[in-house]
1. Could you work out what % of the accessible surface of the range 358-424 is carbon and sulfur, using a 1.4 angstrom probe and leaving DNA, RNA and ligands out of the count?
2. Once neighbouring chains are kept in place and the probe is 1.4 Å, which whole percent of the accessible area of the range 680-775 is contributed by carbon and sulfur?
3. Looking at the range 216-350, what % of its DSSP beta bridges pair antiparallel, to the nearest 5?
4. Listed highest first by mean packing, meaning other Cβ atoms within 10 Å per residue, what order do 631-642, 280-291 come in?
5. About its Cα centre, how strong a charge dipole does the range 680-775 have in debye, to the nearest 20, once Lys and Arg get +1 and Asp and Glu get -1 at the Cβ?
6. Distance between Cα centroids, the range 253-306 to the range 420-436: provide it in whole Å.
7. Can you tally the net charge around ILE732? Count Lys and Arg as +1, Asp and Glu as -1, for every other residue whose Cβ sits under 15 Å from the Cβ of ILE732.
8. For the range 719-727, just list the computed ³J(HN,Hα) in residue order, Karplus coefficients 6.51, -1.76 and 1.60, θ = phi - 60°, integers in Hz, with x standing in for Gly and Pro.
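The values are calculated or read from the model by the stated rules, or taken from the named source; none is laboratory data. None of these values were measured; they are calculated from a predicted model. We place every Cβ from the backbone using ideal geometry, glycine too, and count neighbours over all the protein chains shown. Remember, those area values only see protein heavy atoms, side chains included, never the ligands or the DNA or RNA. Shrake-Rupley method; radii C 1.70, N 1.55, O 1.52, S 1.80 Å.
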Amino acid sequence: MEPPQDTSENPNDVLSDDDSSPENTNPDDQEIPSTTLDPPISDTQDESSDPVPDEQPQNTNSNPTEPGPPARKRRRRKRFFTELIANPSFSKNRRPRISGLAREMDTEALIAISVGFPVDSLTEEEIEANVVSRIGGQEQANYIVVRNHILARWRSNVSVWLTREHALESIRAEHKNLVNAAYNFLLEHGYINFGLAPAVKEAKLKSFDGVERANVVIVGAGLSGLVAARQLVSMGFKVVILEGRTRPGGRVKTRKMKGDGVVAAADLGGSVLTGINGNPLGVLARQMGLPLHKVRDICPLYLPDGKAVDADVDSRIEVSFNKLLDRVCKLRHSMIEEVKSVDVPLGTALEAFRSVYKVAEDSQESMLLNWHLANLEYANASLMANLSMAYWDQDDPYEMGGDHCFIPGGNERFVRALAEDLPIFYGRTVQSIRYGIDGVRVYAGGQEFCGDMALCTVPLGVLKKGSIEFVPELPQRKKDAIQRLGFGLLNKVAMLFSYNFWGGEIDTFGHLTEDPSMRGEFFLFYSYSSVSGGPLLVALVAGDAAIKFELMSPVESVKRVLNILRGIFHPKGIVVPDPVQAVCTRWGKDRFTYGSYSHVAIGSSGDDYDILAESVGDGRVFFAGEATNKQYPATMHGAFLSGMREAANMLRVARRRSLVLSDKVNNDLEKCDTLDKLFENPDLTFGSFSALFDPHSNDVGSHALIRVKFHGDKLTSSHLCLYGLITKKQAIQLSEMNGDGNRMNSLYRDFGVKLVGGKGLSNVAELLISRIKAAKPINASDKG
């Protein structure tokens, strides 16, 4: 990516010249006893939030043995064709000489782009936050420079809390209002001062503006729920998290495996940081001092008989596969332009082109093509027959750049740190969320949890299943989006061996199968030896095979994996031992997920992610999770960012309600003050009663406003005033009675009048008050 062009304004007008900015076993894992294999093989029901790219960390095992075929580079990932429109803000012909300050601005702009900001425009959230007085023009250009500078300054040292004063240091004084706008936006939306550094955690223990806000019930202690909770606490909210499992993390799950003196941490769910540039999980890793292990691209493939795939055939089919995808890309453009809202399965379109262009017609070529299709099904957690040809890769333009990386010891290290000190109630499976003008009530495990707002972070699979009752029902628009979006399956077999027999020179290798319907069964192996702490190998199961896998016993599954491994390595004279422990995931059967991660199914589009993210009940129930993030679905960082997004949305709604409430309180106080002034000169007074008559009528049947003043030691103030609407005749009758007690009895019994506070007066009474005010104007000085 080339640096952006200079903005039209002189950077010295904004920035000063001296700117120098810059694992534990889980109780929901079921151990399955084995009668034929010595190692314990377990069946765990849990899933993956992050489409684990097919690249693996450096393997430090000293075993020099090579699996066989020559090393070839492959980029195993979801994106095979990207339709990026050329950005006019990037120039291929940079000026040969550029000032240091301008170069620094380019660097800061690139940092902003990496976290999702557009080059030369505002985000929808910035527009909604009114960061500038007018869209477009010089003020907006200046704001973008200031925003990028503040963002880059914190990203240069994420271990500190960047104060507003520090942000102001290197920006000209006349732009202080832009600094305030940018700083507030970045802070409240979680772009700066977030994470787990000690200085940041300490600052976030209290409200950043000193204001105490609403109570929030969060459903789900996955990444999005934990991130939202920490951000909300720092904004002054009181939170409680309800989690059905007995652990936090949701689809991020690290299993400690051990036996025969070896130990390893296996990520059974989300496992890869997919693109480190701008990734908030990369920020957390820096703050926690965790090294990042780059996933390597080399991935040899093996035939069913264990022989290495011919390199020329492999290369030819890979090129042909990408050409097929390019042709589908062109087809969908023409279809969308000519016939709106037409969609077909991606698999159907690919097969049609394969047949027309006679691609992969012999046996080995066909197996290779099916391997690539299995890889695509893995990236999307879906069968090719279910993917939308039109929109399956709609998130490509937002893909985070940089290396794909693993975290040593597993991603549960993030989860544990994020969950620390948060009020999480485990074993609370939510059955119902009820919401209305008075707040929310969440029912879980026979208990009721009340709050002003709720944040629902359950996976899309749970929403599809209807496991949670919403009262009132969710809007039809949201229910339709839930049904349209896809939620598929990826499973894993994690195997811990007594030693690394597959060698340290590669991180991934693949296996081909003759049966097209089982092309995703153990088609790809990951070596986690360099990051897990032990000789750990993980086999992936994708597509239709992932569904059938859950019907197979764990013992049988491990046997099938070992047969494949022995078919590859035994001919080379390498012994493949039985694993000391093995774990099979069952994410489809997990009642807290019912699948792995989302995809754009036929008939759906990226808009459905946005619909899922919409709040309901006029800002009472909010939604977060990877399936609510159009830009970064099916990723761990997508879940993380959705939690930040909803925390900002809840703050906005809370402030709006606070303003409405403040206006109402002020109006009520003003009304009470007005009534006090009017009754200083009543038309009739008797006992504790006073009356004001309609100044425009002498009719005894006209309306009169009465006030009764109560005194007592238990009152919070010296007296309490209640009001009622009667006729002038009734007011005169009350004045002629003896004693306030008789008057009160007659008021209720004979006249049927109930006294109310000033805020409870009827519209007729309000009209009478306005007429009395007009006839008896209150001087401004009288109001104090």
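1. It is 45 percent, rounded to a whole number.
2. 48
3. Among the beta bridges of the range 216-350, antiparallel pairing accounts for roughly 60 percent.
4. So the peptides 631-642, 280-291, ranked by packing, come out 631-642, 280-291.
5. Computed charge dipole of the range 680-775: roughly 220 debye.
6. 30
7. Residues close to ILE732 contribute a combined charge of -2.
8. 7, 10, 10, 10, 10, x, 10, 9, 9
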